[in-house]
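Since the structure comes first, as structure tokens, the remarks are kept for the end.
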Amino acid sequence: MTRSVIPLRKAVRPVRRDSMLDLIQIFEPDRQVVVVNRPRIPVADAYLQAIAARLGSGFRYAMKAEERFPAHLLPEHPERMAFAADIDFLIEIFCDLLGCPQVGVRLEVMQHAMCPRFHIDHTGIRLLCTYRGPGTEWLEDSCADRSKLGPASAGIEDEASGIILDPAGIHRIAPYAIALLKGTRWQGNSGRGVIHRSPQVPMSSGPRIMLALDGLW
């Protein structure tokens, strides 16, 4: 795929090539989640700290895979291009991995947990990257009772509903990590999908900011 990519600062591509190759494990039938950790990007941290209040609730945007991410969707600031470049980098990885002709881009700005209960998504493969605040939590299948998903929980909180068989199976994705989550609409994955939830957002820390990418066909 040929793309016109935003020029990247050296600090914006901190993930080793061998780590990125780990992402292809998401295509294994029994893999429901793959996470590749990467270090924080100081210029992106500085940018988000400066403009978080101007992001509102975020945005949604659909674009062709060969296009580059339009930086004008983000508030103006000296470090805007560095942050836009990392988003573009993740879009490139995602589109190359899935071979999708288009991608849906969501930047979510959250003051509280968007989806606080453990659930599965009726999607294909989704990329998540939390830039600010706590990352998404996911639950190992061996530590979960899927019969308690959705309405079966009767509105009871996860910790009391019985969905969590062993709390040691709860994992929180680190900030800046690239996470691929498989949903029920991925081929051969009906009735499955990674069990996950949004974390609580501490009031003292300011908004949680997360990027989500979905392939469009």
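FYI, it's all coordinate maths here, none of it is from the lab. These numbers come from a predicted model, not from an experiment. Don't worry about glycine lacking a Cβ; one is built from the backbone with ideal geometry, like all the others, and counts go over all protein chains shown.
Each residue of segment 140-157 was assigned a 3J(HN,Hα) from its phi angle through the Karplus curve 6.51 cos²θ - 1.76 cosθ + 1.60 (θ = phi - 60°); the sequence is 4, 4, 5, 10, 10, 10, 5, 5, 9, 6, x, x, 5, 7, 6, x, 7, 4 Hz, with glycine and proline shown as x. Using a ≥ b ≥ c from the Cα gyration tensor of segment 34-146 (square roots of the eigenvalues), is it rounded, prolate or oblate, where a/c under 1.5 gives rounded and otherwise the larger of a/b and b/c decides, a/b for prolate? Oblate, since a/c reaches 1.5 and b/c is not below a/b.
Calculated from the alpha-carbon coordinates, the chain shows an Rg and a Dmax of 17.3, 50 Å respectively. Sorting Met63, Met210 from the fewest to the most surrounding beta carbons within 10 angstrom yields Met63, Met210. The stretch between Met203 and Asp45 holds 55.0 nm of extra length on full extension. This uses 0.36 nm per residue minus the Cα-Cα distance.
Backbone N atoms of segment 29-45 closer than 13 Å to the 7 Å Cα→Cβ label point of Ala174 belong to residues 35-41.
Exposure proxy ranking for Tyr61, Tyr176, Tyr47, based on other Cβ atoms within 10 angstrom of each Cβ and starting from the fewest, stands as Tyr61, Tyr176, Tyr47. Computed extension length for Gln102-Met63: 13.5 nm, one decimal, from 0.36 nm per residue of separation with the Cα-Cα distance subtracted.
Fewest neighbouring Cβ atoms within 10 Å first, the residues Arg54, Arg117 line up as Arg54, Arg117.
For Glu140 and Ala71, what is the calculated FRET efficiency with R₀ set at 22 Å and r taken between the beta-carbons, to the nearest 0.05? With a Förster radius of 22 Å, E is 0.05.
If contacts are Cα pairs under 8 angstrom and at least 6 residues apart, what is the relative contact order of segment 14-216 in percent? Contact order relative to length: 31 percent.
Close amide H partners of Leu165, meaning residues 5 or more places away or on another chain with modelled amide H under 5 Å apart, are Ala144, Asp145. If only the Cβ of Lys and Arg carry +1 and only the Cβ of Asp and Glu carry -1, the dipole of segment 14-216 around its Cα centre is close to 300 debye.
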